[in-house]
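Data block below; observations after.
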Amino acid sequence: MNVCVIGAGPSGLTTVKQLLDEGHAVTCFERSSDLGGIWNRAADPDADASEMKTFDNLILTISIRLMSYSDFMVGPDRVFYTHKQYREYLGAYAERFDLRRHITFGARVESVRKDGAGQWHVTAVVGGERRTASFEAVAVCSGPFQSPDRTSVPDLDRFAGEVVHSAAYRNNARFAGKRVMIVGLAESGADLAREVSDVASECTLSIRSYSFLLPRLHDGVYATDATDTRALVYDHFVRSVPPAPILALHGETSVQRLLFQLAVWTVGLLFAPFEYLATLLRPRPVLNPERNGLGEAAHPPKLDIGCEWTQENIDAINEWNRRSHQYRSNWTQQIVFSKNVSFIPNLVNGKLRLNDSGVARIAGNRVTFKDGKEAEFDVVLLCTGFKMDFAALGPDLAVKDNNVRNLYKHSFHPDHGGRLAFMGFVRPYTGGIPVVAEMQARYFALLCSGRHRLPGDLPARIEREKAWEDKIVALSPRHPETIPSRTQFVDAMAKEIGCLMPLSQLLLRPRLLVRHWFYPFNQACYRLTGPHSDPEQATRELMNDRMGPWSMTLSALLLLPLQFLPSSVHPKFILFRGPSWRRKDGAGRKAVHWPPAGG
């Protein structure tokens, strides 16, 4: 097919590659002068100030291991790349698979429309000239960072000071010595709260709800995403709640899931001693014992950028996470994650004040919060996200309610027979968007080839999966792009198109089964079998992944009993451990030191 791809960021690049793997003719339009999307910073730091771009000091919130494509893995060490390093990775990916020759740079797409014959007509401005070309299918990979949301703060037009959206943030220089109110806290918002509160004369963080905080480093030692195993995901989002109505490795019915659990835990317990000994006898050499995965000094141990692994910081994180679920159980999380706790030290030491009641009104420089407190500010920094408008390029691209959950797998439009797809409009609790976009792209490429078809009950499936996600992510109703489990989400697509190795084959290769279930999520597993597989390379990637020697033992001791007991006996809270871990009261931890909400 002749296919158009809009955008050459991480989602667009892998879409071009997967389409080429299937032999399609691909034309990609990218409005910037180079590839990379938000990761492409212009040589002139002020030239791209009007567009969403990465800020100067950005470091990935997950390790490069989870930000790699399955066909171009980086590792095995779980280190956190800077935005420059990740842009270099994307460039290397494009060079490895010769993707640049399929990309037209400086091409701003104006409209996309579909005619009665099913052809898609894409109009783009290239070098000042307006051109229209026809295609048989279209993939929109321009991402959600297009229209900054400035509507969630009342009376913002009455504010007498400066209003800045995080899309235009590059560094904290413009906020030095000023009174700043930061509204909202996503992952980038956590970094901005830290950077701005370091230099502002006063800084207040205004939020309406608490995201779930996840430190980048666990116990100050290794990447937290190394604990992201299928065994743990299964217990959080299958065992503890009504299971998702999607295909996955562990089966769809209760009988299938029981048989799977019996098989995987039998194999796991048999192999655990051998895996433990192998890890002890062949420890992975540390690249630089003086530096942690974030590139900072290894001592004292850190949880995040500038955030030491102290009991005080741990207590603040655990208290924040209790509040994220109104002190109800957060074992199965129902709210978006922030995989960034770098702002916590400034919250603890008082550089950053918190108000969780929301803004009531603004007049001049004075802001009144809903709890009655008032303060004056010079600058409002909005970390309020972006508004979705799928029809911005034309009515044929419209999505019901602008809700990505009304697409199959957050990607495939039910009205266009698999010839229109949106890549990367998804936000996993943990793990990166590129891995999800890659699987969406592989699925789309097979649809275009006729080697796979959308399910016959597509509308019903969309509704079932949407209802489940709405329920599980109930505490983040304004974020329909959120998915609780990247692993289940990608496993489901992989199983449909035949690149998820079935249990019957894994039982014949028990060490691979152990790697699937008890080891950190590794997207190389999707190249073991099926279309465009590379079993030899994928096996090397999986077998080279390692965990701490405690990991499988811990899984066996803690998770195994939970598989066969009622969910009522599950732990109620996820609590991170501090250097002086101990319990003092029924709540499970000692009192925190940072001021209460509104303080």
For this session: Select from region 397-446 the residues that are assigned to a helix (DSSP H, G or I), in contact with a Phe, Trp or Tyr (Cβ under 9 Å, 6 or more places away or on another chain) and farther than 20 Å from Val233 by Cβ and list them in ascending order.
Result: Leu397, Asn402, Val404, Arg442, Tyr443, Phe444
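Would you check which residues across region 193-228 are of a type outside the set (D, E, K, R), part of a helix (DSSP H, G or I), closer than 26 Å to Arg65 by Cα and in contact with a Phe, Trp or Tyr (Cβ under 6 Å, 6 or more places away or on another chain) and list them?
From region 193-228, those of a type outside the set (D, E, K, R) are 193, 196-197, 199-201, 203-207, 209-215, 217-218, 220-224, 226-227; that's our starting set.
With part of a helix (DSSP H, G or I) added as a condition, the list becomes 193, 196-197, 199, 224, 226-227.
After this cut, where a residue has to be closer than 26 Å to Arg65 by Cα as well, the list is 224, 226-227.
Scanning region 193-228 gives no hits.
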Exercise. If you go through region 134-149 one residue at a time, do you hit one that is over 23 Å from Asp34 (Cβ atoms), modelled with pLDDT of 95 or more and not in a strand (DSSP E or B)?
Worked result: yes
Problem set entry | Which numbered condition Thr224 fails, given (1) over 21 Å from Asn57 (Cβ atoms); (2) crowded, with 22+ Cβ neighbours inside 10 Å | (1)
Exercise. Do you know which of the residues in region 447-475 that are surrounded by 21 or more Cβ atoms within 10 Å (Cβ to Cβ) and out of contact with any Lys or Arg (no Cβ under 9 Å at 6 or more places or on another chain) is nearest to Ala8 (Cα to Cα)?
Worked result: Val473
Exercise. Assuming Val267 fulfils every condition listed in (1) surrounded by fewer than 18 Cβ atoms within 10 Å (Cβ to Cβ); (2) at pLDDT 80 or above apart from one, which condition is it?
Worked result: (1)
Exercise. Which condition breaks for Asn288 when tested against (1) in a loop (DSSP other than H, G, I, E, B); (2) in contact with a Ser or Thr (Cβ under 7 Å, 6 or more places away or on another chain); (3) modelled with pLDDT under 90?
Worked result: (2)
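Residues that are out of contact with any helix residue (DSSP H, G or I) (no Cβ under 8 Å at 6 or more places or on another chain) and of a type in the set (Asp, Glu), at least 2 per element: which strands (runs of 3 or more DSSP E) completely within region 298-387 meet that?
Numbers: elements: 302-304, 353-355, 359-363, 366-369, 374-376, 379-382.
Here the list reads 374-376.
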Seminar exercise, completed: For Asp235, the lone unmet condition from (1) of a type in the set (D, E, K, R); (2) surrounded by fewer than 24 Cβ atoms within 10 Å (Cβ to Cβ); (3) assigned by TED's automatic domain parsing to the domain that holds Ala363 is (3)
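Return a yes/no flag: does region 448-456 have any residue that is assigned to a helix (DSSP H, G or I), at pLDDT 95 or above and over 29 Å from Leu354 (Cα atoms).
Step one: of region 448-456, the residues assigned to a helix (DSSP H, G or I) are 448-449.
From what's left, at pLDDT 95 or above: 448-449.
In the following step, the residues that additionally are over 29 Å from Leu354 (Cα atoms) were identified as 448-449.
Yes: region 448-456 contains one or more residues that are assigned to a helix (DSSP H, G or I), at pLDDT 95 or above and over 29 Å from Leu354 (Cα atoms).
Conditions tested, residue by residue: (1) closer than 14 Å to Val138 by Cα; (2) surrounded by 24 or more Cβ atoms within 10 Å (Cβ to Cβ).
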| residue | (1), (2) |
| --- | --- |
| Ile6 | yes, yes |
| Gly9 | no, yes |
| Lys17 | no, yes |
| Asp21 | no, no |
| His24 | yes, no |
| Cys28 | yes, yes |
| Leu35 | no, yes |
| Ile38 | no, no |
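Output the number of residues of region 444-479 satisfying the condition of being closer than 27 Å to Phe337 by Cα and either in contact (Cβ under 8 Å) with a residue 60 or more places away in the chain or not aliphatic (A, V, I, L, M) (or both). Step through it out loud before you land on a result.
We begin by selecting, within region 444-479, every residue closer than 27 Å to Phe337 by Cα; these are 461-479.
Restricting the remaining residues to those that are either in contact (Cβ under 8 Å) with a residue 60 or more places away in the chain or not aliphatic (A, V, I, L, M) (or both) gives 461, 463-466, 468-479.
Matching residues across region 444-479 total 17.
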Exercise. Mind checking which residues of region 285-324 are in contact (Cβ under 8 Å) with a residue 60 or more places away in the chain, closer than 24 Å to Tyr519 by Cβ and exposed (fewer than 12 other Cβ atoms within 10 Å of the Cβ)?
Worked result: Leu287
Seminar exercise, completed: Within region 180-213, residues being more than 25 Å from Val336 (Cα to Cα) and either surrounded by fewer than 18 Cβ atoms within 10 Å (Cβ to Cβ) or not assigned by TED's automatic domain parsing to the domain that holds Ile305 (or both) number 4
Exercise. In region 476-519, what residues are in contact with a strand residue (DSSP E or B) (Cβ under 9 Å, 6 or more places away or on another chain) and surrounded by fewer than 19 Cβ atoms within 10 Å (Cβ to Cβ)?
Worked result: His479
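Scanning for something of a type outside the set (Gly, Ala, Ser) and either crowded, with 23+ Cβ neighbours inside 10 Å or at pLDDT 95 or above (or both), does region 41-50 turn up at least one residue?
Filtering region 41-50 down to residues of a type outside the set (Gly, Ala, Ser) leaves 41, 44-46, 48.
Still in the running and either crowded, with 23+ Cβ neighbours inside 10 Å or at pLDDT 95 or above (or both): none.
Checked against the condition, which is being of a type outside the set (Gly, Ala, Ser) and either crowded, with 23+ Cβ neighbours inside 10 Å or at pLDDT 95 or above (or both), region 41-50 yields no hits at all.
The values are calculated or read from the model by the stated rules, or taken from the named source; none is laboratory data. Treat the numbers as computed from the prediction; the structure is a model and nothing was measured. Positions of Cβ are generated from backbone atoms using ideal geometry, with glycine treated the same way; all protein chains shown enter the neighbour counts.
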